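Structure first, then comments.
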Amino acid sequence: SYACRTINNVIFFPHFHTGKTKKPDKDSATFISFIGNMDKRMKLDSKIKPEHGCHYYSALSMMASKASYENRAYIETIVKDHWKVYILRVFGLADYQEKATTQLFFMRDKSENHDTIVVAFRGTEPFDADAWCSDFDLSWYELQGMGKIHGGFMKALGLQKNVGWPMEYKANETRKEPLAYYFVRDKLKALLSESENTKYILTGHSLGGALAILFPSILFLHEEKLLLQRLEGVYTYGQPRVGDEKFGKYMESKLEEHRIRYFRIVYCNDMVPRLPYDDKDLLFKHFGTCVYYNRHYQGKVVAEIPNKNYFSPLSAIPMMINAICELIRSFTICYSKGAEYKEGWFLRVFRIIGLVIPGVSAHSTQDYVNSTRLGSSDVFLPSEETIP
């Protein structure tokens with residue numbers, strides 16, 4: 001994985017009257033990422049209010065997860081002008097390879113009745129080779145007494161070479177950016193110390209979801225009492241598996257002990273939550289409360305998602321039929337659900353690809369945003385009732 005290099009996502013637009021090409025400004029507030037072009041919605045759903053509890057946090061978290069793919073200027077514009085909440089800062093942080101490949105941002109949702117900090121980790125950029133190296137690095141990293149964890153995700157979170165996870169950050173002259181876990185931990189401590197009523201939630205889509213749920217695992221390791229007491233919940237979307245069965249049981253026990261809600265949201269045939277495999281060779285296992293949405297955006301809590309390892313001859317035909325229905329839906333949903341659900345040509349291209357490789361387009365942020373807005377809030381009630 002050390003040989004991987006970042007591939008810049010650059011699109012050139014021709015100026016036909018001059019015969020020249022123009023390179024977009026990737027730092028501009030108007031520049032939209034590859035992921036952002038699939039779903040250009042910026043506004044929050046005004047019908048979902050803070051008093052709706054976990055349903056509100058789920059909708060807010062998904063929009064934050066979607067925004068995390070964008071550049072600093074674009075995120076600041078969205079949060080300030082469209083969401084009307086505080087943007088604290090956008091950060092590019094170092095990983096195991098000492099490159100600033102892990103991106104996240106902080107924002108603060110504050111009113112008279114609540115004060116919540118949202119930490120959103122960015123998922124995998126399609127043209128970022130370093131991020132793909134993290135995804136495909138299937139080496140195990142074992143934490144004593146906790147179990148085995150996906151090595152690539154641990155490195156992206158801030159695992160230190162030849163050191164592991166010491167309590168304090170080890171400075172490195174060659175590292176230009178701080179390591180993700182240590183920076184986020186220290187930033188949260190500073191913010192939470194300003195008020196006893198402030199809480200925070202962790203969120204992310206795809207790789208970002210993996211980092212969001214692994215962050216508290218290191219908090220458990222370091223026994224960070226303040227941060228564990230103030231952690232309101234973890235909301236992940238299209239999250240891959242992150243560890244073995246022992247790690248899953250350890251995390252479930254610790255999350256319950258500290259009364260931390262963890263919702264792992266999966267849309268239909270999304271292939272990423274079905275990877276890496278849960279089989280006798282790879283041994284990866286999911287854990288936590290899984291909220292599963294079908295293509296009609298009807299949600300339910302399930303013990304295991306259908307077709308858990310994705311590739312199965314018996315499920316191929318039903319998945320293709322479902323992909324056809326999703327493609328048809330992309331042309332009709334704006335009439336049945338409203339103009340805000342209209343899909344563009346960019347996403348429809350991926351819907352077509354999904355006819356050949358079912359599950360590719362299902363990983364898009366579009367379907368996850370739709371799930372949080374159109375799905376019933378009842379799926380969050382069981383967990384709310386069991387947590388005082």
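The values are calculated or read from the model by the stated rules, or taken from the named source; none is laboratory data. This is a predicted model, so every value here is computed, not measured. Positions of Cβ are generated from backbone atoms using ideal geometry, with glycine treated the same way; all protein chains shown enter the neighbour counts. Protein only, heavy atoms only, side chains kept; ligands, DNA and RNA dropped before computing areas. Shrake-Rupley method; radii C 1.70, N 1.55, O 1.52, S 1.80 Å.
Observations
- Among the residues of region 351-370, those that are under 24 Å from PRO240 (Cβ atoms), more than 17 Å from the chain's Cα centre (by Cα) and open to solvent by 40 Å² or more (accessible area, probe 1.4 Å) comprise ILE353, LEU355, VAL356, ILE357.
- Test for ALA59: is it at pLDDT 90 or above, in contact with a Lys or Arg (Cβ under 7 Å, 6 or more places away or on another chain) and not charged (D, E, K, R): yes
- Any hit, region 337-356, residues being hydroxyl-bearing (Ser, Thr, Tyr) and in contact with a strand residue (DSSP E or B) (Cβ under 7 Å, 6 or more places away or on another chain): no
- The residues of region 304-322 that are part of a helix (DSSP H, G or I) and over 19 Å from LEU374 (Cβ atoms), listed by number, are PRO313, LEU314, SER315, ALA316, ILE317, PRO318, MET319, MET320, ILE321.
- Enumeration of residues in region 299-333 that are open to solvent by less than 30 Å² (accessible area, probe 1.4 Å), modelled with pLDDT of 90 or more and among the small types (Gly, Ala, Ser): GLY299, ALA323, SER330
- Identity of the residue in region 227-246, out of contact with any Ser or Thr (no Cβ under 8 Å at 6 or more places or on another chain) and open to solvent by 10 Å² or more (accessible area, probe 1.4 Å), that ends up nearest to HIS205 (Cα to Cα): ASP244
- Selection of region 334-369 for residues being assigned to a helix (DSSP H, G or I), touching a residue at least 12 places away in the same chain (Cβ under 8 Å), of a type outside the set (D, E, K, R) and in contact with an Asp or Glu (Cβ under 8 Å, 6 or more places away or on another chain) yields LEU347, GLY354, SER361, ALA362, HIS363, THR365, GLN366, VAL369.
- Against the conditions (1) hydrophobic (A, V, I, L, M, F, W, C); (2) open to solvent by 10 Å² or more (accessible area, probe 1.4 Å); (3) over 22 Å from THR124 (Cα atoms); (4) touching a Lys or Arg at 6+ places or on another chain (Cβ under 7 Å), TRP140 satisfies every one except (3).
- Restricting region 204-226 to residues that are small (Gly, Ala, Ser) and part of a helix (DSSP H, G or I), the residue that is surrounded by the most Cβ atoms within 10 Å (Cβ to Cβ): ALA210
- Index of the failed condition, SER46 passing every other in (1) of a type outside the set (Phe, Trp, Tyr); (2) assigned to a helix (DSSP H, G or I); (3) modelled with pLDDT of 85 or more; (4) open to solvent by 70 Å² or more (accessible area, probe 1.4 Å): (2)
- Unique residue being over 22 Å from HIS114 (Cα atoms), small (Gly, Ala, Ser) and out of contact with any Pro (no Cβ under 7 Å at 6 or more places or on another chain) when the list is GLY233, GLY209, GLY238: GLY209
- Taking the criterion of being open to solvent by less than 40 Å² (accessible area, probe 1.4 Å), more than 16 Å from ALA212 (Cα to Cα) and outside any loop (DSSP other than H, G, I, E, B), the residues of region 247-277 that qualify are TYR267, ARG274.
- Taking residues in region 298-319 that are touching a residue at least 12 places away in the same chain (Cβ under 8 Å) and under 14 Å from ASP270 (Cα atoms), and partners anywhere that are assigned to a loop (DSSP other than H, G, I, E, B) and open to solvent by less than 30 Å² (accessible area, probe 1.4 Å), the pairs with Cβ atoms closer than 7 Å and at least 6 places apart or on different chains are LYS308/ASP278; ASN309/ASP278; TYR310/GLY359; MET319/ASN269; MET319/PRO358; MET319/GLY359.
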